[in-house]
Amino acid sequence: MQQVSQGRQLFDGIFVEIFFNTNGIDPLDPQNMVIMPLLLITNTSGSFQTLSEPYINDQGQYSVKIQDMSLDNSDNYQEYQLTFGECVPRFILDSSRYKCANKTYVDQYFSQIQNFLSLKSFTTEFSSKYKQTQKINQVYLFAIDSNITFFSQINTKVGVTEIDDGLLFQNQYSTTYLSDIIINTQTLNQEYFKRFVGFTVYQSFYFRKSSLQLLQSVEYPKINSVLADIGSIISIILAITYIIQYINDEFLIREMEKKVISIYYPEIDYLKIDRKWNGQITNIYNQKSKQTINHDFFSQYYQELRSIANKKLQYTNIIYELSRLQFTLQSLQYTEQLKAVHKVGIRLKQQQKLEIQNVSFEYIRPNQISPDSEMEIHERDQIANLVTNDQIRKPKQSHSPLIQNTSKQDLQEEETVKQQYRILNDEDFRLLLPDQEIQINNSNEFFQLNEIL
């Protein structure tokens, strides 16, 4: 459709197509024309009639079409009226191409059981997906009777779509098209219509532009809107991530606090604590003693323990506790002896079995250790890694010349040194691990003693 002038539209292409059911006789056959299609065009200059020439459509039927219509309801109006009536020779300008059927052929046609015509309309809608208009076909049926005139007023509804497809800035344009038709049909006396046109009319279509107009606006997303939407989505994702991270942090802190409390109060591992969704304690059950604990009392008590455990997890508190241990050790040992621990360690195993061969050494007495005695500490480290507990307890005569030549007095001295100095081994690396099984008075539940060992 294209804009001709203000208030006037020209619709390109086929607007309507009309054809009849044949039943053996096609009333639009140019050589035996039973019904003649006449197009009456009325405008400010007057009106004129012309034969709407039939043509063969895709289905092989004779049909009549109206195309390239200009509709207007302003002062500069133009209206169309398509009538189907009896064949009148005076309207046939080319007698070699068109001939009216005789009365017998006309009576034979109207004697058929069903006679009707089909009106196929071509309206348009705008497709926002493809940014263009698309044709829509609709078919309407109308009866044909030799004694009645059917008058149908077809109001065309115009659609206007305003489009803005700018990527960054506005790029507005509009398109106008025939969006729909509204059909109102009534029956008239043939004499009434015959006085108006001068011949018998069986069906008349009057086309007029409707005062109703379909207006729609289509705005495609701009890049700034897309980025704003993406930013909103990212903000939501970050908010959800923050909430999940906060929940995980709270869960981790609770687990760490419980672990610290269980180090000092091992019996808490036997407690089964039920909570609500908000963390409130509802029930406490001791799985070892098979007893239920008063959760009102224990909730307050457990919150105090959590508060203390949280403080113990702080770096400043850990450093403070280590400093107290250092001062306690300094009150029990000489400072020089504490400095010497920097040189003590466990030797890595270099082979599956160690033997002492051709090695001479002297044991170091406790009062011989001084801050500068690196050599003594090194010799002691050699003893720790070359002399195992079993080798000192049960020396092998065939493999150790040193032990073979050692006198009974030397063996006694070695045993005395062994008691004074415990040789470091891999068990010392595991000594204070929390998963070590400790036996005290044939009981694993050392916390039941409730006293410092």
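Can you tell me the FRET efficiency between Gln108 and Asn43 if r is taken as the Cβ-Cβ distance and R0 is 51 Å, rounded to the nearest 0.05?
0.85
Rounded to the nearest 5, what % of DSSP beta bridges with both residues in the stretch 143-232 are antiparallel?
Details: 16 of 30 bridges.
Here the share of antiparallel DSSP bridges comes out near 55 percent.
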Amide H proximity to Ala101 below 5 Å, modelled H, separation 5+ or other chain, gives Met33, Val34
More than 28 angstrom separation, counting every C-alpha pair in the stretch 197-353; what % is that? 65
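List the chymotrypsin sites (Phe, Trp or Tyr not before Pro) within the stretch 204-280 that DSSP assigns to loop and that have no more than 14 neighbouring Cβ atoms inside 10 Å.
Numbers: sites: Phe205, Tyr206, Phe207, Tyr242, Tyr246, Phe251, Tyr264, Tyr270, Trp277; in loops: Trp277.
Passing both the DSSP loop test and the Cβ count: Trp277.
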Near-label residues of the stretch 205-231 by backbone N, under 19 Å of a point 7 Å along Cα→Cβ of Asp164: 215-230
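Please work out the average accessible area per residue across the stretch 132-290, using the 1.4 Å probe convention, and give it in Å².
Values: 10460 Å² over 159 residues.
Dividing the accessible area of the stretch 132-290 by its residue count gives 66 Å².
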Taking max minus min of the Cα coordinates of the stretch 214-291 on each principal axis, largest first, gives extents in Å of 81, 29, 13
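Note down the relative contact order for the stretch 149-222 as a percent, whole number, built from C-alpha pairs under 8 angstrom at least six residues apart.
Numbers: 152 pairs, mean separation 37.3, N = 74.
Normalised by residue count, the contact order of the stretch 149-222 is 50 percent.
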For the stretch 14-21, just list the computed ³J(HN,Hα) in residue order, Karplus coefficients 6.51, -1.76 and 1.60, θ = phi - 60°, integers in Hz, with x standing in for Gly and Pro. 6, 9, 9, 9, 10, 9, 9, 6
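Take each of the peptides 190-202, 152-164, average the number of other beta-carbon atoms within 10 Å over its residues, and list them starting from the highest.
Highest to lowest by the protection proxy: 152-164, 190-202.
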Lys and Arg at +1, Asp and Glu at -1: neighbours of Arg97 with Cβ under 14 Å from its Cβ sum to -2
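With N denoting the number of residues in the stretch 50-175, provide Rg(C-alpha) divided by 2.2 N^0.38 Å, to two decimal places. Please list the in-between numbers first.
Numbers: Rg = 20.8 Å, N = 126, 2.2 N^0.38 = 13.8 Å.
The value comes to 1.50.
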The set of residues whose placed amide H lies less than 5 Å from the amide H of Ser179, leaving out same-chain residues fewer than 5 positions away, is Thr124, Lys157, Val158, Gly159
According to a simple spin-label model (label point 7 Å from Cα along Cα-to-Cβ), what is the distance in nm between Lys131 and His342? 7.7
Specify whether the C-alpha gyration tensor of the stretch 160-270 places it in the rounded, prolate or oblate class, a ≥ b ≥ c being the square roots of the eigenvalues: rounded for a/c under 1.5, otherwise prolate if a/b is larger than b/c and oblate if not. oblate
May I ask which residue of Val88, Asn189, Gln134 lies farthest towards the positive end of the charge dipole of the stretch 69-204, with charges of +1 (Lys, Arg) and -1 (Asp, Glu) on Cβ and the Cα centre as origin? Val88
State, as an integer percentage, the relative contact order of the stretch 133-280 based on alpha-carbon contacts under 8 Å between residues 6 or more apart. 25
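The values are calculated or read from the model by the stated rules, or taken from the named source; none is laboratory data. Just so you know, these numbers come straight off a predicted model, no measurement behind them. Cβ atoms come from the backbone with ideal geometry, glycine included; neighbour counts cover every protein chain shown. These accessible areas exclude ligands, DNA and RNA; they are computed on the full protein's heavy atoms, side chains included. Shrake-Rupley method; radii C 1.70, N 1.55, O 1.52, S 1.80 Å.
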